[in-house]
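Throughout, read-outs are computed from the coordinates displayed, never taken from laboratory work. Note that the structure is a prediction, hence the values are computed from the model and not measured. Neighbour counts run over all protein chains shown; Cβ positions are idealised from the backbone, glycine included.
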DNA sequence: GATACTATCTATAAAGA
DNA sequence: TTCTTTATAGATAGTAT
């Protein structure tokens, strides 16, 4: 009821013809407006576009209404067949937050390839980490010396000598 | 017009009172049904729940319809105020794919937070990794032997002996 | 693509089961 | 919570701008 035009006078009274095609009964589906329509792809490109535009607005409006009326969190993303994007997200939140909640709640994972690769990298590094931990441990216990390279063994031999020296000094106390 | 009940007879004819509360004009908003409602949070918990249930179904239906009629990709996620989840995704695709497209198309990053935390974890683990690498290296070079316990040194001495033996054998070839 | 204008068809607020 | 019924407010198909 927003008098957006503030009628100044009866300047426009007859635009449409009174619709003179009454008995055109086709298959009944679910629709609305002047004629019913079936819920199946609208083949006429032009009609499809117009219907999309109107219904898209309708959905976004409904989404906004339910979010306000019922204090619900709503996220809607729509792509026209031409690939144009439209979206809605309830106030006080963000699509990000809604989707994070979605994942927690549904158990489904939504994130993209980038995240998968990041997660994979984390797994890889963690494994590398574990291996290194094990290796370190084995070295500390002196196992697996056979797998060391000659150069390394010599370095260790020298180092060990120093270590033993200080060890013997300590034991002498 | 799907005759889902196939009326067998006039078994129920009068259920409701003819609505005897005519002039209850409140503030006009936007609504529908027997009485108009404003688009503002419904305070009555019960009514809010009922309205949510009905409108939620309505939105999901509309989403399905537009996806079929207009060949559009639609994703809808709804959380009731109680936190229950409902969702819809057009056929032949997935929320994941729709959201990926959303990001590409809008330039908005939906996973910013997740992204940051994953990246942070990677940095943390890498650093841990580096530290371990350094420690391992120091052990290999025999530094820090002074901090080893006597028992460990003896074990290493023995192991080293084995290592040296096999080393000398290799060098003898 | 979006809007305007209607006639129609839907969605749904209320209330009770 | 879900369903039914009824009365209405909304949404929208068809058309023309």
Exercise. Taking the label point 7 Å from Cα in the Cβ direction, how far apart in nm is residue B:46 from each other copy of itself, listed shortest first?
Worked result: 5.3
Problem set entry | region A:65-137-region B:60-139 distance, computed between alpha-carbon centres (Å) | 2 Å
Problem set entry | Nearest-first distances (nm) between copies at residue A:134, label 7 Å from Cα via Cβ | 2.6
For this session: Taking the Cβ of each residue in B:62, B:108 as the centre, tally the other Cβ atoms inside 10 Å and list the residues starting with the fewest.
Result: B:108, B:62
Problem set entry | residue A:53 paired with residue A:106, simple spin-label distance in nm, labels 7 Å along Cα-to-beta-carbon | 3.1 nm
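Once you order the gyration tensor axes a ≥ b ≥ c over the Cα atoms, which shape class does region A:68-127 get: rounded for a/c under 1.5, otherwise prolate or oblate by comparing a/b with b/c? Intermediate results must be reported in sequence, preceding the final value.
Working: a/c = 3.38, a/b = 1.66, b/c = 2.04.
Oblate.
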Problem set entry | Per-residue Cβ neighbour rank within 10 angstrom, fewest leading, B:66, A:109, B:98, B:109 | A:109, B:109, B:98, B:66
Problem set entry | Average partner coverage of A:78-89, which counts Cβ from other chains inside 10 Å | 5
Problem set entry | Copies compared at residue B:57 - label distances in nm, ascending, label defined 7 Å from Cα in the Cβ direction | 2.8
